[in-house]
Amino acid sequence: GSTSYRVPWLYDEESVEVLRFFTKLKCKLMPYIYTHAYLASKKGIPVMRAMVLEFTDDPACAYLDRQYMFGDALLVAPIFNSEGSIDYYLPEGKWTNFLSGEVVDGGRWVKENHGYLSLPLMVRSNSIIPVGSEERRPDYDYADGVDLQVFALAAGKTIRTDIYNTKNVRELTTSVSREADTILINVNNSGKPFTVTLRNLTGIASIQNGAFEVTAQGVKIRPAKAGDTIIVNL
């Protein structure tokens, strides 16, 4: 764009819609993005990571140069052709397409076709992605109204995540653990509202210290009281 004026509305309405879609997605993911940017400044671990940095024991990741990890939980495979076709590699484990909710087994190459409003944006199993409440700007109160989305939590696992505000102060800490068919959720924050979504679940047996509803993405939980441990029986 250094020698010409390039904005989407000079092309067509579809270009505007594509830019609008992914700009809103970035704004919703800012609690995740900003926390990883903050950690990058403190620890030197980049936000955009070569696959081998996260999967050092997988020899297939050593030479992958057309996909990357975005933070420790999101795998991105950009599409470089007009046909929308792509081949990308998924390491071992369960992977969930963040946009469609489709669950894919890893340890293999995957071939897919995508339109302009989709791409392989895959979430690693045993991960929490904090999704913000604002889609119109990137700088806002990330902890206020955040939805903590839990992906493919296996029995015997405990996962954690933090949310930092734009002044680099930690505002929220989340711990989610699972033993057999019981999930324990602990969220420490400043009293701001939040929800927890267990992605791809179609229902639960019972819940303590919270209420739930089944949505298109999974089971969304609202705490009854801030600071209490939410107990979910599957």
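The values are calculated or read from the model by the stated rules, or taken from the named source; none is laboratory data. For clarity, every value in this text was computed on a predicted model and none was experimentally measured. Note: ideal-geometry Cβ built from the backbone for every residue, glycine included; neighbour counts use all protein chains shown. Keep in mind that these areas ignore ligands, DNA and RNA; they rest on the heavy atoms of the full protein, side chains included. Shrake-Rupley method; radii C 1.70, N 1.55, O 1.52, S 1.80 Å.
Quick notes on this one:
- What you get for region 1-150, charging only the Cβ of Lys and Arg (+1) and of Asp and Glu (-1), is a dipole of about 360 debye around the Cα centre.
- Model label zone, Thr158; criterion: amide N under 16 Å from point 7 Å along Cα-to-beta-carbon; scope region 178-200: 178-180, 182-188
- Relative contact order %, the chain, counting alpha carbon pairs below 8 Å whose residues are six or more apart: 14
- The Cα center of region 98-170 and the Cα center of region 4-78 differ in position by 12 Å.
- Cα principal axis extents for region 1-113, largest first, Å: 47, 37, 30
- Where the Cα pairs of the chain fall when distances are cut into 5 Å bins, in %: 1, 6, 12, 16, 18, 17, 14, 9, 4, 2, 1, 0, 0
- Calculated FRET value between Ile231 and Ser118, using beta carbons and R₀ = 35 Å, to 0.05: 0.45
- Inter-probe distance in nm under a simple model that places probes 7 Å from Cα toward Cβ, at Ala180 and Arg66: 4.7
- Distance (nanometres) between label positions extended 7 Å along Cα→Cβ at Glu92 and Lys192: 3.8
- Sorted peptide list for 104-112, 68-76, criterion being average Cβ within 10 angstrom, highest first: 68-76, 104-112
- Sequence-separation-based contact order of region 117-234, relative, with Cα cut under 8 Å and 6+ spacing, percent: 21
- For region 112-188, the fraction of alpha-carbon pairs in successive 5 Å shells from zero, as %: 3, 13, 21, 18, 17, 14, 9, 5, 0
- Efficiency of FRET from Cβ geometry, Asn209 and Arg136, R₀ 35 Å, rounded to 0.05: 0.60
- Accessible carbon and sulfur surface of region 175-226 relative to its total accessible area, %, 1.4 Å: 49
- Extension gain, Arg108 back to Lys167 (0.36 nm per residue minus Cα-Cα distance, nm): 17.1 nm
- The residues of region 1-143 expose, per residue, 57 Å² of accessible area to a 1.4 Å probe.
- Helical content alone sets the calculated 222 nm signal of the chain at -4500 deg cm²/dmol, taking -39,500 (n - 2.57) per DSSP H segment of four or more residues and averaging over every residue.
- Each residue, Lys43 and Ser82, gets one label point 7 Å from its Cα in the Cβ direction; the gap between the two is 4.3 nm.
- Mean Cβ count within 10 Å, highest first, over the residues of peptides 13-25, 143-155, 82-94: 143-155, 82-94, 13-25
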